[in-house]
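The next block holds one structure in the form of structure tokens; read it before the comments.
Laboratory data are not the source of any read-out in this text; all were calculated from the coordinates shown. Computed from a predicted model, the values in this text were never measured in an experiment. Note: ideal-geometry Cβ built from the backbone for every residue, glycine included; neighbour counts use all protein chains shown.
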Amino acid sequence: MSSREDILGRVRAGLQRNAMNAAAGRAVMAAALSQGHHGPKPAMDTDPKALLERFRIKSEVQSSTVDIVAQETDAPAAIARYLTDMNLPRAAVAQPALAHLDWAAAGLAVEARGARDADLVGITGCFCAVAETGTLMMCSSPATPAAVSLLPETHIAIVHASRILPYMEDAWDLARKELGTLPRAVNFISGPSRTGDIEQTIVLGAHGPYRVHLVIVEG
């Protein structure tokens, strides 16, 4: 028996779950999730343009940089400009879900795979984004490996404006609706990695990328 099976077995025993009542227990949990009441939320204009603008502002407060393009096919050229402006290599690793974009036409050498420790730039999409806090919701899968957003020093994310939601609760609701079973990993990213452990001085890049750039696709 693996450690995981042992731990889950202890939890089931504590909850008195067995093959006879497991289905009923799952039904109770599903009902609780579907009927859950959200807590207090700040007032927010939920017009799509207003959500985009709030997300941009909140992202910049979190030390991300933001560019806005008309359509997804414009993203490679926008990313190439950013890398040039920042004097960064025009080579990157991208999530396989983005392999369809014409990176070569933008002068970029992009490999669609999971990230390795030597990769300096990682390009991802995101499952959705939260306007309230300027946060990306990242859901792992074979086409969207989490390492691409976590290992490289520079994380570039393509965000579709249609996937910018008002609140964190909306992001979880969308995940339950579209994914059904939650993925192996769900990461929320609000700007570059940071810490204030040493003399309460904020240092970027402590536990992940120290540079986050967002390319928001309007169309």
Point to revise | Part-to-part distance (alpha-carbon centres) for segment 49-107 and segment 121-171, which is given in Å | key: 12 Å
Point to revise | Whichever aspartates and glutamates have a C-alpha closer than 17 Å to that of K41, once near sequence neighbours (fewer than 8 apart) are set aside | key: E132, E169, D170, D173
Revision key, fill the gap. Dimensionless Rg/Rh of the chain, both radii on Cα and Rh by Kirkwood, sits at 1.03
Review point. Lysines within cross-link reach of K49: Cα-Cα under 16 Å, excluding same-chain residues under 8 positions apart?
Key: K58
Revision key, fill the gap. One finds, for K177 and H37 with R0 = 25 angstrom and r their Cβ-Cβ distance, a FRET efficiency to the nearest 0.05 of 0.90
Revision key, fill the gap. One would report the antiparallel percent of DSSP beta bridges in the chain, rounded to the nearest 5, as 25 percent
Revision key, fill the gap. By the mean-Cβ-within-10 Å protection proxy, highest first, 148-156, 184-192, 91-99, 42-50 rank as 148-156, 91-99, 184-192, 42-50
